[in-house]
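Undergrad: Please read through the structure below; I'll follow up with questions.
The values are calculated or read from the model by the stated rules, or taken from the named source; none is laboratory data. Since the structure is predicted, the reported quantities are computational estimates derived from the model, not experimental observations. Glycine also receives a Cβ, built like all others from the backbone with ideal geometry; neighbour counts cover every protein chain displayed.
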Amino acid sequence: EQLRQAIEELYYFEFVVDDLPLRGFVGYMEESGFLPHSHKVGLWTHLDFHLEFHGDRITFASVSVRDVKPHSLDGLGPDEFLGLTHTYSVRWSETSVERRSDRRRGDDGGFFPRTLEIHWLSIINSMVLVFLLVGFVAVILMRVLRNDLARYNLDEETTSAGSGDDFDQGDNGWKIIHTDVFRFPPYRGLLCAVLGVGAQFLALG
């Protein structure tokens, strides 16, 4: 279980060959699909080393798992015993390059990503969708509020008894309380005093 968690958290190993660092991930993880969701975890049990030398000195070192199939850890219980054999192979190549690789111990050598990949298309898609939704909501609210304000601002001279009934019948739901928002509550002096000294914060605390 700890090994599976280490693979999911992208743990990596580091070897040092003649002061040249070799790094690689402990295992392999693959996630695909939404419904159904596929989650696969595998462990690398074979490492392929490639070493280049000139004379009696190693000039380049790398490790690869390109042609290796990971050992699957799916379907195993937390207390189940798993016996594995770890192997490795080494390929030596003589080169005419005398200069050693620039990588030294403590240098990542490009193993870690320098910058995160920015998915500009997804960001633009999201921004366009947000602007469209905000625009639609704003247009609808402006039309509704314009009609309401036009009806609320009718002068008494232009409202007869019949139109007054129609005016009252046009309000429903929350619009019925539009005349109550400016009405003073009871004990307004006490309410102002309580709010002024911050009693609401004491109650919330």
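Undergrad: If we scan segment 6-15, do we find a residue that is touching a residue at least 24 places away in the same chain (Cβ under 8 Å), more than 21 Å from E98 (Cβ to Cβ), assigned by TED's automatic domain parsing to the domain that holds H86 and hydrophobic (A, V, I, L, M, F, W, C)?
TA: Within segment 6-15, the first condition is being touching a residue at least 24 places away in the same chain (Cβ under 8 Å), and the residues that meet it are 7-8, 12, 15.
Next cut, more than 21 Å from E98 (Cβ to Cβ) only: 7-8, 12, 15.
Within this subset, residues satisfying the condition of being assigned by TED's automatic domain parsing to the domain that holds H86 are 7-8, 12, 15.
Applying the additional criterion that residues be hydrophobic (A, V, I, L, M, F, W, C) yields 7, 15.
Yes, there is a match, as at least one residue in segment 6-15 is touching a residue at least 24 places away in the same chain (Cβ under 8 Å), more than 21 Å from E98 (Cβ to Cβ), assigned by TED's automatic domain parsing to the domain that holds H86 and hydrophobic (A, V, I, L, M, F, W, C).
Undergrad: One residue is enough: does segment 90-102 have a residue meeting the conditions closer than 30 Å to R4 by Cβ and at pLDDT 80 or above?
TA: Yes, some residue in segment 90-102 is closer than 30 Å to R4 by Cβ and at pLDDT 80 or above.
Undergrad: Here's a follow-up. Residue check: is F167 modelled with pLDDT under 70, hydrophobic (A, V, I, L, M, F, W, C), surrounded by 10 or more Cβ atoms within 10 Å (Cβ to Cβ) and out of contact with any helix residue (DSSP H, G or I) (no Cβ under 6 Å at 6 or more places or on another chain)? Write out each step before concluding.
TA: Numbers: modelled with pLDDT under 70: yes; hydrophobic (A, V, I, L, M, F, W, C): yes; surrounded by 10 or more Cβ atoms within 10 Å (Cβ to Cβ): yes; out of contact with any helix residue (DSSP H, G or I) (no Cβ under 6 Å at 6 or more places or on another chain): yes.
It is true that F167 is modelled with pLDDT under 70, hydrophobic (A, V, I, L, M, F, W, C), surrounded by 10 or more Cβ atoms within 10 Å (Cβ to Cβ) and out of contact with any helix residue (DSSP H, G or I) (no Cβ under 6 Å at 6 or more places or on another chain).
Undergrad: Checking the condition modelled with pLDDT under 85, outside the structural domain of L10 (by TED's automatic domain parsing), of a type in the set (D, E) and touching a helix residue (DSSP H, G or I) at 6+ places or on another chain (Cβ under 8 Å), which residue from D108, D148 passes? Explain how you work it out, then say what you get.
TA: Working: D108 fails: touching a helix residue (DSSP H, G or I) at 6+ places or on another chain (Cβ under 8 Å).
Being modelled with pLDDT under 85, outside the structural domain of L10 (by TED's automatic domain parsing), of a type in the set (D, E) and touching a helix residue (DSSP H, G or I) at 6+ places or on another chain (Cβ under 8 Å) holds for just one of D108, D148, which is D148.
Undergrad: How many residues, within segment 9-60, are surrounded by 14 or more Cβ atoms within 10 Å (Cβ to Cβ) and of a type in the set (D, E)?
TA: 2
Undergrad: Here's another thing I want to ask about it. Does V16 qualify as being in contact with a helix residue (DSSP H, G or I) (Cβ under 7 Å, 6 or more places away or on another chain) and of a type outside the set (S, T, Y)? Explain how you work it out, then say what you get.
TA: Values: in contact with a helix residue (DSSP H, G or I) (Cβ under 7 Å, 6 or more places away or on another chain): no; of a type outside the set (S, T, Y): yes.
So V16 does not fit the description; no.
Undergrad: If you don't mind, another one. In this structure, does L76 turn out to be surrounded by 14 or more Cβ atoms within 10 Å (Cβ to Cβ), farther than 21 Å from F15 by Cα and at pLDDT below 85? Walk me through it before giving the result.
TA: Details: surrounded by 14 or more Cβ atoms within 10 Å (Cβ to Cβ): yes; farther than 21 Å from F15 by Cα: yes; at pLDDT below 85: yes.
Yes, satisfied.
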